[in-house]
Structures are given as structure tokens and as C-alpha cells.
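To start, the structure under review is shown below, and the notes come after it.
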Amino acid sequence: QLISRRMPNVYNSTGRDIEELNRRRSYNPAYLHPGDLESLGLRNGDLVEITSPHASILGVVEAAKEMRRGIVSMAHCFGDIPKYDEEVRKIGSNTARLVDNASHFDPHTGIPRMSAIPVRISRARSSFPAAD
């Protein structure tokens, strides 16, 4: 499942372009338990495809010991349209594209389910740029 997370020194998308705040990381990592990285044959910085029943995005994985197995955690409000997916290490991943706002939403407010989204993670095809 994909769950939402906050990133230090960033409020939604505000602050992600300020180097002093983002610690020179302008993207939103896909945090996984180290055991999940190992079982998927991945290392920190590897590029993955994250697929929900609605869409797929690219992400940059990073180990996080505090995560439960089987969960990926990412901040929202990064990335762009599919045309810019290959710039994931520069602009991040658009997790909103994984959300099905036509089927899973609060009937009173219209707010879509933004967390606890079923996803599948696999290594991205090798044609994308490697980490700097």
C-alpha cells in the first residue's frame, strides 16, 4: 500500500525548490522497509515503477527502518505530467496520478482517498538516467 507522508521543511509543494530547506533533494523518495528493498533486489536510489489500479509513476527508492513491510510512503505535491516522468530525480513523482478520484472519495466532501492505495512496485526499465 502507498501511504502519505510529510517531509521536513516542506509544506505540500512550498519549500521544495529552496536548497537550504530540501537538503539538496528536490524529489520525494519512495520510502520502503530495508527488507522490502532487499527482497525486490533494490538499493537506495534505484528507480522503480509504482503501479496502482489507476496509473503508474516512477519513484526513487530509499530505505526507512521505521516503515512496515509491504508499505511504501511518499509525500504528495511533487512531480508533473507523464511527459516529465524521466525527470523524477529532479522534480519528484506525482503520487496524485495513482489516485482514483472518481471511485474512491468521501461522499460528503468529495476528497479522494490519498492514502492506503494498493500499489505494486517493480524495478523501472533501464532506459532512465541513473542517480547522479
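Values computed for the structure shown
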{"read-out": "Extension gain from ARG6 to LYS90, taking 0.36 nm per residue of separation minus the Cα-Cα distance", "value": "28.4 nm"}
{"read-out": "Amide H contacts under 5 Å for ALA30, placed H, 5+ residues apart", "value": "VAL60, VAL61, GLU62"}
{"read-out": "Accessible surface of TYR84 - all protein chains present, 1.4 Å probe, nearest 10 Å²", "value": "80"}
{"read-out": "Rounded percent of accessible protein surface that carbon and sulfur make up, region 28-132, 1.4 Å probe", "value": "51"}
{"read-out": "Using distinct alpha-carbon pairs, which all enter the 1/r mean, Kirkwood radius of region 63-132 in Å", "value": "14.3"}
{"read-out": "Most to least packed among 98-106, 74-82 [average Cβ atoms within 10 Å]", "value": "74-82, 98-106"}
{"read-out": "Sequence-separation-based contact order of region 32-132, relative, with Cα cut under 8 Å and 6+ spacing, percent", "value": "32"}
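The values are calculated or read from the model by the stated rules, or taken from the named source; none is laboratory data. Since this is a predicted model, take the numbers as computed values, not measurements. Glycine also receives a Cβ, built like all others from the backbone with ideal geometry; neighbour counts cover every protein chain displayed. Quick note on the areas: whole protein, heavy atoms, side chains included, nothing else; ligands and nucleic acids left out. Shrake-Rupley method; radii C 1.70, N 1.55, O 1.52, S 1.80 Å.
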